[in-house]
Amino acid sequence: MTTNGEHATRDAVLSGDAAAWRRWYDAHFARLAAYARWRCGGLRDLADDVIQETWFVAVRRLARFDPDRGAFFDWLCGIASNAARSAVRARRRQCAKVRALVPADDAPAPEVAEDERAERVAAALAELPDHYERALRAKYLDGETVAEIAARTGESAKAVESQLTRARQAFREAYERTP
């Protein structure tokens, strides 16, 4: 959607046009849901909470959205990113309390181990600086090639490759630090 189109849609929504809001919501929901699931390590219940919180915040703060500063979807991703960080922190606090109650010699069931891996992925993504998260999202969630990322961002392919290398390393280190 063009900046002018996003201005017009935002203005229509702010004036109470429910159909405009529905079109905007429908146009972005699936992609936002995919982003939230990725940020939450594939944990559907956590991602559902993040999606709900993202739309709730977007409705409350829509007047602050400025299409001249970026696309609506990118604005939603910023909200979702913050919601995911908060949700992951809250979940890890809750899980730590539960783990403290479980005897150490009880081996987790396979699905519990998979959930723990997903939680570690989500926690590692939550620790990353935004520019690393954006680089990994473009490559692994959106499926963009290095050349496509470079063309979209105006950076050289070499710079994009370097950033992806640093982002992957930062993710790996964050993942390994996460208990």
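Every number in this text was worked out from the coordinates using simple rules, so none of it is lab data. This structure is a prediction, so every number in the text was calculated from the model and none was measured. For neighbour counting, all protein chains shown are included, and Cβ atoms are generated from backbone atoms with ideal geometry for every residue, glycine included.
Here are the numbers for the structure shown:
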item: Which of Phe72, Phe29 has the fewest Cβ neighbours within 10 Å, and the rest in rising order; result: Phe29, Phe72
item: Computed E for Arg117/Asp11 - FRET, C-beta separation, R0 41 angstrom, nearest 0.05; result: 0.40
item: Residues with amide H under 5 Å from that of Asp17, placed H, sequence gap 5 or more; result: none
item: Per-residue HN-Hα couplings for the range 19-32 [Karplus 6.51, -1.76, 1.60; θ = phi - 60°; Hz; x = Gly/Pro]; result: 5, 5, 4, 4, 5, 5, 4, 4, 5, 10, 4, 4, 5, 5
item: 3J(HN,Hα) from dihedral phi, the range 154-161, Karplus parametrisation 6.51/-1.76/1.60, rounded to Hz, x for glycine, proline; result: x, 9, 6, 4, 4, 5, 5, 4
item: Extension gain from Arg23 to Asp66, taking 0.36 nm per residue of separation minus the Cα-Cα distance; result: 13.6 nm
item: Estimated 222 nm signal from helices in the chain, with DSSP H stretches of n ≥ 4 weighted -39500 (n - 2.57), rounded to 500; result: -25500 deg cm²/dmol
item: Footprinting exposure proxy for Arg61, Arg39, Arg31 (fewest neighbouring C-beta atoms within 10 Å first); result: Arg61, Arg31, Arg39
item: Burial ordering of Cys77, Cys40, fewest other beta-carbon atoms within 10 Å first; result: Cys77, Cys40
item: Cα-based Kirkwood hydrodynamic radius, the chain, one decimal, Å; result: 17.9 Å
item: Coarse-grained scattering of the range 128-179 at q = 0.19 Å⁻¹, given as base-10 log I(q)/I(0) from a Debye sum over alpha-carbon atoms; result: -0.58
item: Distance between modelled label sites at Gln52 and Glu148, nm, 7 Å Cα→Cβ extension; result: 3.3 nm
item: Distance (nanometres) between label positions extended 7 Å along Cα→Cβ at Glu155 and Arg172; result: 1.8 nm
item: Cα-based convex hull, the range 1-91, per residue volume (Å³, whole number); result: 86 Å³
